[in-house]
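Here's the structure, in structure tokens; my notes come after.
The values are calculated or read from the model by the stated rules, or taken from the named source; none is laboratory data. No experiment lies behind these values; they were computed from the predicted model shown. Here the Cβ is made from the backbone with ideal geometry for all residues, glycine too, and neighbour counts use every protein chain on show.
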Amino acid sequence: MVLPASRHMFVRPVAHMDQHAWTLAHTEAFRYFGGVPRRLVPDNLKTRVDKPDLYDPQINKSYVELASHYGTLMDPAREPYVRDSF
């Protein structure tokens, strides 16, 4: 996890990137930082976003519950607009 303004970083190596490891890493990052960011901007990895969509992404239920528990906004990264070149 990287805090954008300060570029302060938390890194936790894991053997598997499953939902449990992802949730645990977040709770450890929040403890490390001494708080929770107002907004989380996850990329579209399956442990975070079930279905990426520019306007209405489906966030993983467990991740939504994590954000709700900590009172933070979940704002997934937007898929970049890809223009076909003909």
Discussion item. Restricting to the stretch 41-86, give me the number of residues that are at pLDDT below 75 and outside any loop (DSSP other than H, G, I, E, B).
Written reply: 0
Worksheet entry | Residues satisfying the stated conditions in the stretch 5-38, i.e. exposed (fewer than 13 other Cβ atoms within 10 Å of the Cβ) and in contact (Cβ under 8 Å) with a residue 24 or more places away in the chain | His8, Met17, Asp18, Arg38
Discussion item. If I filter the stretch 1-40 down to residues being of a type in the set (S, T, N, Q) and assigned to a helix (DSSP H, G or I), which single residue comes out as farthest from Ile59 (Cα to Cα)?
Written reply: Thr27
